[in-house]
Amino acid sequence: MTPDFRRRLQAILDAYDDAFRALGEAKDAVHASTDTLRQMIDVQDRIYAAQTRAIDAALTANRAAVDLLNQLDA
């Protein structure tokens, strides 16, 4: 193997190492963003549940007020 061939082959293999290292970093970034998205979805679910409870409570209070108002006319 000539020194030039060895140098060129080493440069190619080094480039592959760099590429695979970058792919590993990209994979880690995708996993991190997926974890963040899962956390955001969990928070959104809790917000929707709280919103649903608030709407149900407001409807219950409103119905009680309507019933009380209707008793005044009876």
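The values are calculated or read from the model by the stated rules, or taken from the named source; none is laboratory data. Everything numeric here is computed off the predicted structure, so don't read it as measured data. Cβ atoms come from the backbone with ideal geometry, glycine included; neighbour counts cover every protein chain shown.
Does Thr60 count as surrounded by 10 or more Cβ atoms within 10 Å (Cβ to Cβ), out of contact with any Asp or Glu (no Cβ under 6 Å at 6 or more places or on another chain) and either at negative phi or not acidic (Asp, Glu) (or both)? Steps first, please.
Values: surrounded by 10 or more Cβ atoms within 10 Å (Cβ to Cβ): yes; out of contact with any Asp or Glu (no Cβ under 6 Å at 6 or more places or on another chain): yes; either at negative phi or not acidic (Asp, Glu) (or both): yes.
When the stated conditions are applied, Thr60 passes them.
Checking Leu13, Leu72 one by one, the residue that is hydrophobic (A, V, I, L, M, F, W, C), in a helix (DSSP H, G or I) and at pLDDT 95 or above is Leu13 and no other.
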